[in-house]
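Chemist: Here's a structure for you.
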Amino acid sequence: MASYWRKTWPFHVLLLPALILCIVFQYIPLFGAVIAFQDYEPWLGIKGSPWVGLEHFRYLFSYPDGKQVILNTLIIAGLKLIMNLIIPIIFALLLNEVSRIYFKRVVQTLVYLPHFLSWVILGGILIDILSTEGGIVNRMLNSFGIPSIFFLGKGEWFRLTVVVSDVWKEFGFSAIIFLATLVGINPALYEAAEIDGASRWQQVISITIPLMMPIVIVVATLSLGRILDAGFDQILNLYNPLVYSRGDIIDTFVYREGLNNGQFSFGTAVGLFKSAIGFIMIVISYRMAYKLANYRIF
């Protein structure tokens, strides 16, 4: 044991700052979740605030907008999970068919770039190009005789805008894992299929897609753990009171009610509810990944 520590202590020292940050910002704040069961007042503190049990959780489901917020979250997050799985797969399959390495690398670089931009920047860009007054998208629609669309002011268009813009931002980066899978496929399988007279399309259907399915199943099932993560930073930078009925999600609802309106206990209760559902979905998705694709962390 002593020899083990002599050899590995530098690695433990390197890990220590990250471990301390994780404890300070991830684990210590968990004790504050107790205010979800209190009528918390800052001047009374956690010890002095009265206990109310599950009152705030009951209020969540009786609150006029509570059920709609949960529904909005499920719809937006569900659409994002589906589209952020389908589009990267299609993109990876198409890019894999490109024979010119230089062109492939240029395309990969271009589609990766949006992932590294924050929604503060992209939100401002989207607000500008989707504006009904001089926005490039509506100007193009007007040139074809189509009236301007209030993309960020109408609920049904807002959801579509949120999903499409998120897919555009993330599909290139999400495709990396599928491209890595395609690179790992044995070229001899394609050579044998070509000798047998299989076309490129038949090779994709009979070889590429079946060999991709295990990783597709793993990614899809593990994504279920994020079913209540509809994109707080994106929604916060794009939404407005006109689309609260269709675009307000749990995270933005907690932000407004908990911080802006000072309902700390209620906001914590909603956040705790979301975390509990997310934890359950992570456990279920991990079990599904193990059953369907024999995926194990260790």
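Chemist: Within the stretch 124-145, can one find any residue that is surrounded by fewer than 16 Cβ atoms within 10 Å (Cβ to Cβ), β-branched (Val, Ile, Thr) and in contact with a Lys or Arg (Cβ under 8 Å, 6 or more places away or on another chain)?
Modeler: No, there is no match, as no residue in the stretch 124-145 is surrounded by fewer than 16 Cβ atoms within 10 Å (Cβ to Cβ), β-branched (Val, Ile, Thr) and in contact with a Lys or Arg (Cβ under 8 Å, 6 or more places away or on another chain).
Chemist: For residue 157, state whether it is in a helix (DSSP H, G or I) and either of a type outside the set (Phe, Trp, Tyr) or loosely packed, with under 14 Cβ neighbours inside 10 Å (or both).
Modeler: Numbers: in a helix (DSSP H, G or I): yes; either of a type outside the set (Phe, Trp, Tyr) or loosely packed, with under 14 Cβ neighbours inside 10 Å (or both): no.
No; evaluated as a whole, the condition is false for this residue.
Chemist: How many residues are assigned to a helix (DSSP H, G or I) and in contact with a Leu (Cβ under 8 Å, 6 or more places away or on another chain) when one looks only at the stretch 135-147? Explain how you work it out, then say what you get.
Modeler: Taking the stretch 135-147 and keeping what is assigned to a helix (DSSP H, G or I), we get 136-143.
Of the ones still in play, those that are also in contact with a Leu (Cβ under 8 Å, 6 or more places away or on another chain) are 137-138.
Count: 2.
Chemist: Test residue 218 against the stated conditions and say whether it is at pLDDT 85 or above and β-branched (Val, Ile, Thr). Explain how you work it out, then say what you get.
Modeler: On the way: at pLDDT 85 or above: no; β-branched (Val, Ile, Thr): yes.
No; evaluated as a whole, the condition is false for this residue.
Chemist: Moving on to the next point. Which residues, counting only those in the stretch 127-150, are among the polar types (S, T, N, Q) and under 24 Å from residue 235 (Cβ atoms)? Show your work before the answer.
Modeler: So the first thing to find is which residues in the stretch 127-150 are among the polar types (S, T, N, Q), and the list is 131-132, 138, 142-143, 148.
Result: 131, 132, 138, 148.
Chemist: If a residue has to be over 30 Å from residue 253 (Cα atoms) and free of Cβ contacts under 8 Å to residues at least 60 places away in the same chain to count, how many in the stretch 84-110 make the cut?
Modeler: Summing the residues that are over 30 Å from residue 253 (Cα atoms) and free of Cβ contacts under 8 Å to residues at least 60 places away in the same chain in the stretch 84-110 gives 13.
Chemist: For the stretch 15-27, enumerate the residues that are surrounded by 10 or more Cβ atoms within 10 Å (Cβ to Cβ) and not aliphatic (A, V, I, L, M).
Modeler: Within the stretch 15-27, 22 is the sole residue that qualifies.
Chemist: Given the conditions (1) under 28 Å from residue 235 (Cα atoms); (2) in contact with a His (Cβ under 9 Å, 6 or more places away or on another chain), which single one is not true for residue 60?
Modeler: The single condition residue 60 does not satisfy is (2).
Chemist: Which one of these is in contact with a helix residue (DSSP H, G or I) (Cβ under 6 Å, 6 or more places away or on another chain), surrounded by 18 or more Cβ atoms within 10 Å (Cβ to Cβ) and modelled with pLDDT of 85 or more: 235, 227?
Modeler: Numbers: 227 fails: modelled with pLDDT of 85 or more.
Of 235, 227, the one residue that is in contact with a helix residue (DSSP H, G or I) (Cβ under 6 Å, 6 or more places away or on another chain), surrounded by 18 or more Cβ atoms within 10 Å (Cβ to Cβ) and modelled with pLDDT of 85 or more is 235.
Chemist: Looking at the stretch 44-65, is at least one residue basic (Lys, Arg), surrounded by 11 or more Cβ atoms within 10 Å (Cβ to Cβ) and within 30 Å of residue 169 (Cβ to Cβ)?
Modeler: Just the residues of the stretch 44-65 that are basic (Lys, Arg), to begin with: 47, 58.
Those left that are additionally surrounded by 11 or more Cβ atoms within 10 Å (Cβ to Cβ): 58.
Cutting the leftovers down to within 30 Å of residue 169 (Cβ to Cβ) gives us none.
No, every residue in the stretch 44-65 fails to be basic (Lys, Arg), surrounded by 11 or more Cβ atoms within 10 Å (Cβ to Cβ) and within 30 Å of residue 169 (Cβ to Cβ).
Chemist: Checking residue 245 against (1) hydroxyl-bearing (Ser, Thr, Tyr); (2) in contact with a Leu (Cβ under 9 Å, 6 or more places away or on another chain); (3) surrounded by fewer than 18 Cβ atoms within 10 Å (Cβ to Cβ), which test does it fail?
Modeler: Unmet condition: (2).
Chemist: Pick from 219, 270: which is of a type in the set (A, V, I, L, M, F, W, C), buried (at least 19 other Cβ atoms within 10 Å of the Cβ), in contact with an Asp or Glu (Cβ under 8 Å, 6 or more places away or on another chain) and over 20 Å from residue 123 (Cα atoms)? Write out each step before concluding.
Modeler: Details: 219 fails: in contact with an Asp or Glu (Cβ under 8 Å, 6 or more places away or on another chain).
The conditions single out 270.
Chemist: Just one of 133, 156 is closer than 28 Å to residue 74 by Cα, out of contact with any Pro (no Cβ under 7 Å at 6 or more places or on another chain), at pLDDT below 85 and not polar (S, T, N, Q); which is it?
Modeler: Numbers: 133 fails: closer than 28 Å to residue 74 by Cα.
Going through 133, 156 in turn, the sole match is 156.
Chemist: Closer than 25 Å to residue 155 by Cβ and either outside any helix (DSSP H, G or I) or β-branched (Val, Ile, Thr) (or both): which single residue out of 132, 109 fits that description?
Modeler: That would be 132, the only listed residue that is closer than 25 Å to residue 155 by Cβ and either outside any helix (DSSP H, G or I) or β-branched (Val, Ile, Thr) (or both).
Chemist: Let me ask something else. Filter the stretch 28-40 for residues that are under 17 Å from residue 257 (Cβ atoms) and exposed (fewer than 15 other Cβ atoms within 10 Å of the Cβ) and give the result.
Modeler: 32, 33
Chemist: So, residue 211, is that one modelled with pLDDT of 85 or more and not in a loop (DSSP other than H, G, I, E, B) or not?
Modeler: Values: modelled with pLDDT of 85 or more: yes; not in a loop (DSSP other than H, G, I, E, B): yes.
Yes.
The values are calculated or read from the model by the stated rules, or taken from the named source; none is laboratory data. Just so we're clear, the structure is a prediction, and the values are computed from it rather than from any experiment. Here the Cβ is made from the backbone with ideal geometry for all residues, glycine too, and neighbour counts use every protein chain on show.
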